[in-house]
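Colleague: Got a structure for you, questions after.
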Amino acid sequence: GTSNFSTAFNFTTGFPTTPQLAYPLNNTGSIPIDTILYWNPSVATVSYDLKLARSADFISSSIVIDTTGLVDTSFAVNNLLYSTFYFWKVKANNFKTLSVISAGSGSFLSRKSSILRSHLLSLNTQSS
């Protein structure tokens, strides 16, 4: 005699695909100092690592956030500095190989301080 087939399983082979950064768009400005970073999911990925820095070369003294093991494709950041350039990148990990693929980094400029903006508006009003 023979038995029935086992329940089917599925699996993916290979390395994770490169995550694509979604928001903020590269080289954009006026991003709120409390915002959410989004990226598109990558195939064959079980977790993501994220770095946010104030320098495009991600030297350790410029790192603002360095987190690992994220399972979602978004990450909330709070209390960024006003009028500051930030650079970010996401890396995809799978079961077999960690830290395989790194997305190209993106950059954005945080919003100007509302206090500064109000002051500039009042100066413009006074000079008219």
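Colleague: Using a probe of 1.4 angstrom, how much of the accessible area of the range 25-72 is carbon and sulfur, in percent?
Modeller: Details: 1340 of 2610 Å².
Here carbon and sulfur together make up 51 percent of the probe-accessible area.
Colleague: Calculate, in whole percent, how much of the Cα-Cα pair population of the range 1-94 lies beyond 22 Å.
Modeller: On the way: 1681 of 4371 pairs.
Tail fraction, whole percent: 38.
Colleague: If the cut-off is 12 Å between C-alpha atoms, which aspartates and glutamates fall inside it for Lys89, apart from same-chain ones fewer than 8 positions away?
Modeller: Asp49, Asp57, Asp66
The values are calculated or read from the model by the stated rules, or taken from the named source; none is laboratory data. Predicted model only: the values in this text are computed from it and were never measured. Keep in mind that these areas ignore ligands, DNA and RNA; they rest on the heavy atoms of the full protein, side chains included. Shrake-Rupley method; radii C 1.70, N 1.55, O 1.52, S 1.80 Å.
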